[in-house]
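Engineer: I have a structure I would like to understand better, so I am pasting it below and will then ask my questions one at a time.
Computed from the coordinates by the stated procedures, all read-outs in this text should not be read as laboratory data. Bear in mind the structure is a predicted one, so any value in this text is a computation, not a measurement. Cβ coordinates were reconstructed from backbone atoms using ideal geometry, including for glycine residues, and neighbour counts include every protein chain displayed.
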Amino acid sequence: MIQKKHLTPSIRRQQIINAADVVLQEVGVNDFTIDKVVEYLGIAKGTVYKYFESKDDVLAEVSAKALNQLLNYFKLSEQNSPEGLEKTKAIIMSSYHYSIDYARYFELIIYLERPEFHSFAQNHKKVSLDLQVFFADHIKEQKQKGYVRNDIDPLMTNYLVWGTSMGIMQFLDSKKAFLENSENIQQQELMEAYVEVIVRGMAP
């Protein structure tokens, strides 16, 4: 790409984030490198490190867009579902649909869950908190309406659902051929069974 050499810091920074998003979609998170972003933009490698300390910092900024998209899935599923525990089921299930529709972003979210991930990217932290607050508030409201047990802790439930749903979706992806060919189980079928078990445990 041919790029203008004189850009404001904010525009140059966003340009790098946008380029990283393009590279991510092309190669996936496991093959993502700063060198590929540099090559795509046609800039010096030092320019990237002028704005970002590491590859994780760049990917964390891209993940803000990915997490915002996931949050939109949560909100739409809540709005379009009937009252009761069906809303909770729909929200959790929407993370599976998201992983299918935005496979590269889902890979990125999983990648950033690894223990050694470290970034000061404020956008990533903000959207992560927005997701947490949304689901915790949903559980609070479900408790107030009598759909969820009073002893359920919204924040703890958020972490439990997030951790287990991310885990089951990774399992579904890695074992897809085995489940379909040997067990005659479709991915969505198993995901729906997981959601049913989780949500039934919340019922009064």
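Engineer: Quick one: which of 113, 83 is in a loop (DSSP other than H, G, I, E, B), within 15 Å of the chain's Cα centre (by Cα) and not small (Gly, Ala, Ser)?
Structural biologist: Working: 83 fails: within 15 Å of the chain's Cα centre (by Cα).
Result of the check over 113, 83: 113.
Engineer: Scan region 13-38 residue by residue and report those that are in a helix (DSSP H, G or I) and among the β-branched types (Val, Ile, Thr).
Structural biologist: So the first thing to find is which residues in region 13-38 are in a helix (DSSP H, G or I), and the list is 13-27, 29-31, 34-38.
Scanning region 13-38 gives 16, 17, 22, 23, 27, 29, 34, 37, 38.
Engineer: Of everything in region 25-55, what is among the acidic types (Asp, Glu) and over 18 Å from residue 14 (Cβ atoms)? Give them in sequence order. Working first, answer last.
Structural biologist: Step one: filter region 25-55 for residues among the acidic types (Asp, Glu), giving 26, 31, 35, 39, 53.
Correct list: 26, 31, 35, 39.
Engineer: A follow-up question, please. If you take the residues in region 154-191 that are surrounded by 13 or more Cβ atoms within 10 Å (Cβ to Cβ) and assigned to a loop (DSSP other than H, G, I, E, B), which one is nearest to the chain's Cα centre (by Cα)?
Structural biologist: The residue in question is 175.
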